[in-house]
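The values are calculated or read from the model by the stated rules, or taken from the named source; none is laboratory data. Since this is a predicted model, take the numbers as computed values, not measurements. Neighbour counts are summed over all protein chains in view; Cβ atoms, including those assigned to glycine, are modelled from backbone coordinates with ideal geometry.
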Ligand SMILES: Cc1ncc(COP(=O)(O)O)c(C=O)c1O
């Protein structure tokens, strides 16, 4: 028999094994100073393209004011306990009503973290007789929710409607045999490459198949659709989404999330999502702060307009400079380049140290070998100057990449 920690110390896990080389720089970097278009990294000001503060609300004076006032009035503890026991307030209910109205659903229920909420919502929505059909590229919270499912699940190729229908057919057979139902799960916006989920086409198949659709719209809420009401509005199919999910951690620049849908289903979630029933309720500064943020999204269309002004300038500028942005239809801006992992590391180092541009990098095994994605998240607080400097920096690093400079640097470091 082994000591449990023997394996943990020897095998640090797929990411943890890189900790020595990567920690503090490529992973767990520290961005300091107020959340904005330019933050401090390793003591230096750099253009920050890695924060999902889409609408620039994180440091908006009105947001800071309400967050501060709520913290002074209530502290961070109130209300104490889980919603079900002693953590319920009229403000939580007000926020739920306002979120539901905003996304045009009958009811909504708050969850403390989107991730935990999603895991529990999936767990609550299905029994072992039901079947789940989900997109291959969905977020980890959906994957983990599906892991809890004791029944059958089918995964379809990312945004591939042929693969979707094939799996839906299989799921239908299985559900008929078990006398169960089908839950389909997609994202509104896929966070890695910026594609919208093909909600319209998925929903059109409701004519032919019997299923319910859960949509994780973490990146669509606030950024897409009329008034920032999300991807369902963008595609004109909000009615066809049976359970809508958005987090406050991105466009709302806060913490918390909500599910919205028909009132019976939302009440069912309220009484059955274990991670919420047995965990402390959202503290008041989060709730009051979210009410304010939602109001600002509703009444300040210029926030979304600024976001799209920057997004359009960045994406058209990068495309004009010959960069491959894949098939993004959202603000998320992936730049696809060719190179192995060590080259990618040298390139990012150069980008941060010599060009003062900070963005996330995605490499193998998340994407195929030989490919890297530099992922940029534009926000309403960026400027056209940021865009211009970034495009120049990207052109410079591409030349070095093509000349093999990063390959040489990486080889010299080994
Ligand atoms: C698509 C998606 N779903 C869910 C979450 C989790 O939300 P939260 O940060 O509120 O836990 C995230 C991100 O962080 C996300 O990108």
Fill in: Output for region 88-106, where each listed residue is assigned to a loop (DSSP other than H, G, I, E, B) and either within 16 Å of the ligand (Cβ to nearest atom) or not assigned by TED's automatic domain parsing to the domain that holds residue 256 (or both)
103
Worksheet item: Does residue 307 satisfy being in contact (Cβ under 8 Å) with a residue 12 or more places away in the chain and closer than 17 Å to residue 112 by Cα?
Response: no
Worksheet item: Inside region 368-413, can you point out the residues that are free of Cβ contacts under 8 Å to residues at least 60 places away in the same chain and in contact with a strand residue (DSSP E or B) (Cβ under 8 Å, 6 or more places away or on another chain)?
Response: 370, 371, 372, 374, 393
Response to the item:
residue 337: passes all of (1) closer than 26 Å to residue 251 by Cα; (2) touching a residue at least 60 places away in the same chain (Cβ under 8 Å); (3) not in a helix (DSSP H, G or I) but (1)
Discussion item. Only one of 104, 135 is surrounded by 20 or more Cβ atoms within 10 Å (Cβ to Cβ) and modelled with pLDDT of 95 or more. Can you tell me which?
Written reply: 135
Item to complete: Out of the residues in region 192-211 that are modelled with pLDDT of 95 or more and buried (at least 18 other Cβ atoms within 10 Å of the Cβ), state the one that is farthest from the chain's Cα centre (by Cα).
Response: 211
Item to complete: Sort out which residues of region 234-254 are over 16 Å from residue 106 (Cα atoms) and more than 12 Å from the ligand (Cβ to nearest atom), and write them in order of number.
Response: 234, 235, 236
Discussion item. As an exercise: evaluate residue 264 against (1) out of contact with any helix residue (DSSP H, G or I) (no Cβ under 9 Å at 6 or more places or on another chain); (2) in the same structural domain as residue 90 (by TED's automatic domain parsing); (3) touching a residue at least 12 places away in the same chain (Cβ under 8 Å) and give the number of the one condition it does not meet.
Written reply: (3)
Worksheet item: Within region 171-187, is even one residue under 26 Å from residue 95 (Cα atoms), in the same structural domain as residue 84 (by TED's automatic domain parsing), touching a helix residue (DSSP H, G or I) at 6+ places or on another chain (Cβ under 7 Å) and surrounded by 19 or more Cβ atoms within 10 Å (Cβ to Cβ)?
Response: yes
Discussion item. Any residue in region 121-137 that is in the same structural domain as residue 150 (by TED's automatic domain parsing) sitting within a Cβ distance under 9 Å of a residue that is buried (at least 22 other Cβ atoms within 10 Å of the Cβ) and modelled with pLDDT under 95? List the pairs, counting only those 6 or more apart or interchain.
Written reply: 137/193
Item to complete: Restricting attention to region 144-163, report how many residues are within 20 Å of residue 117 (Cα to Cα) and assigned to a helix (DSSP H, G or I).
Response: 4
Worksheet entry | Boolean, residue 19 is within 30 Å of residue 279 (Cβ to Cβ), in contact with a helix residue (DSSP H, G or I) (Cβ under 7 Å, 6 or more places away or on another chain) and not in a loop (DSSP other than H, G, I, E, B) | no
Worksheet, complete the sentence: Of 76, 85, the only residue that is part of a loop (DSSP other than H, G, I, E, B), in contact (Cβ under 8 Å) with a residue 40 or more places away in the chain and surrounded by fewer than 22 Cβ atoms within 10 Å (Cβ to Cβ) is 76
Fill in: helices (runs of 4 or more DSSP H) fully within region 192-285 counting 1 or more residues that are in contact with a strand residue (DSSP E or B) (Cβ under 7 Å, 6 or more places away or on another chain) and within 30 Å of residue 361 (Cβ to Cβ)
199-204, 231-234
Worksheet item: From 115, 109, which residue is within 16 Å of the ligand (Cβ to nearest atom), without any contact (Cβ under 8 Å) to a residue 40 or more places away in the chain, in the same structural domain as residue 293 (by TED's automatic domain parsing) and buried (at least 19 other Cβ atoms within 10 Å of the Cβ)?
Response: 115
Discussion item. For region 355-376, give me each residue that is assigned to a loop (DSSP other than H, G, I, E, B) and within 18 Å of residue 324 (Cβ to Cβ).
Written reply: 359, 363, 364, 366, 367, 368, 369, 370
Discussion item. Going residue by residue through region 1-13, is there one that turns out to be assigned by TED's automatic domain parsing to the domain that holds residue 384, outside any helix (DSSP H, G or I) and in contact with a strand residue (DSSP E or B) (Cβ under 7 Å, 6 or more places away or on another chain)?
Written reply: no
Item to complete: Among the candidates 51, 35, 40, 47, single out the residue that is farther than 17 Å from residue 290 by Cα, surrounded by fewer than 16 Cβ atoms within 10 Å (Cβ to Cβ) and under 26 Å from the mean Cα position of the chain (by Cα).
Response: 40
Worksheet item: So which residues in region 118-132 are more than 26 Å from residue 283 (Cβ to Cβ) and crowded, with 19+ Cβ neighbours inside 10 Å?
Response: 125, 126, 130, 131, 132
